[in-house]
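These notes concern the structure reproduced below.
The values are calculated or read from the model by the stated rules, or taken from the named source; none is laboratory data. All of these numbers come straight from a predicted model, not from anything done at the bench. Note that we place each Cβ from the backbone using ideal geometry, even for glycine, and neighbour counts take in every protein chain shown. Calculation scope for accessible area: heavy atoms of the full protein, side chains included, ligands and nucleic acids excluded. Shrake-Rupley method; radii C 1.70, N 1.55, O 1.52, S 1.80 Å.
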Amino acid sequence: MKQVSSVLFVCMGNICRSPSAEAMFRLKAREAKLEINIDSAGTIAYHQGHSPDKRSITAGVKRGLSFDGMRARQVLSSDFSDFDLILAADKQNLQDLKRICSAQYQSKLALILDFCKFESDQAVYTEVPDPYYGAGDGFELVLDLLENSCSQLVRQIQRGSI
């Protein structure tokens, strides 16, 4: 068990899933009066400097999330030492992180959904699906997954069970 005082959420471009996770976790941590450093980043720099996807913002604002001041950035080598927990949206991004992370920090890496079990009528989710190219309710599903996972993550941090 380790004390967690900082969390970095990671997806590919840092415009959909990871900023949504950052916004959701900020809300859940604030509600729990948990003092924690929270940020997000992408494994690629393609969208660097861009605001989160408008569809993520639209879906998130309906749930009380704030994306104020967020700008996409790529994961930095210093993130591996600076953050206590680095959570990837999916297995491919986790693999990309493992490839660039030194051995001493590998234990900080996990999937966002490792902290919850989420089942819908159609599927059991182990990864946060990328809604970028989809249509319809993909952004709502992402928020459902993140809300469940972030709530459970806050509880685990409070209990010191990570």
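What the table shows:
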{"item": "Per-region count, the range 1-55, residues within 24 Å of Gly138 (Cβ to Cβ) and polar (S, T, N, Q)", "result": "7"}
{"item": "Residues located in the range 45-62, provided they are open to solvent by less than 60 Å² (accessible area, probe 1.4 Å) and over 15 Å from Leu146 (Cα atoms)", "result": "Ala45, His47, Gly49, Ser51, Pro52, Asp53"}
{"item": "Matching entry among Ser161, Ser66 (being part of a loop (DSSP other than H, G, I, E, B), under 22 Å from Ser5 (Cβ atoms) and in contact (Cβ under 8 Å) with a residue 60 or more places away in the chain)", "result": "Ser161"}
{"item": "Residue in the range 75-89 that is nearest to Ser18 (Cα to Cα), counting only those that are open to solvent by less than 90 Å² (accessible area, probe 1.4 Å) and either part of a helix (DSSP H, G or I) or in contact with a His (Cβ under 8 Å, 6 or more places away or on another chain) (or both)", "result": "Asp79"}
{"item": "Residue count, the range 126-160 (criterion: open to solvent by 50 Å² or more (accessible area, probe 1.4 Å) and over 14 Å from the mean Cα position of the chain (by Cα))", "result": "9"}
{"item": "For Ser18: the one exception among (1) touching a residue at least 24 places away in the same chain (Cβ under 8 Å); (2) over 18 Å from Tyr133 (Cα atoms); (3) of a type in the set (S, T, N, Q)", "result": "(2)"}
{"item": "Flag for Ala89 being more than 13 Å from the chain's Cα centre (by Cα) and among the hydrophobic types (A, V, I, L, M, F, W, C)", "result": "no"}
{"item": "Qualifying position, being farther than 19 Å from Val7 by Cβ and either open to solvent by less than 60 Å² (accessible area, probe 1.4 Å) or modelled with pLDDT of 95 or more (or both), among Gln92, Gln104", "result": "Gln92"}
{"item": "Unmet criterion (only one of (1) touching a strand residue (DSSP E or B) at 6+ places or on another chain (Cβ under 8 Å); (2) outside any loop (DSSP other than H, G, I, E, B)) for Ile57", "result": "(1)"}
{"item": "Yes/no for Ala59 being at pLDDT 95 or above and under 14 Å from Ser20 (Cβ atoms)", "result": "yes"}
{"item": "Qualifying residue in the range 68-86 (condition: closer than 20 Å to Leu145 by Cβ, within 13 Å of the chain's Cα centre (by Cα) and not basic (Lys, Arg))", "result": "yes"}
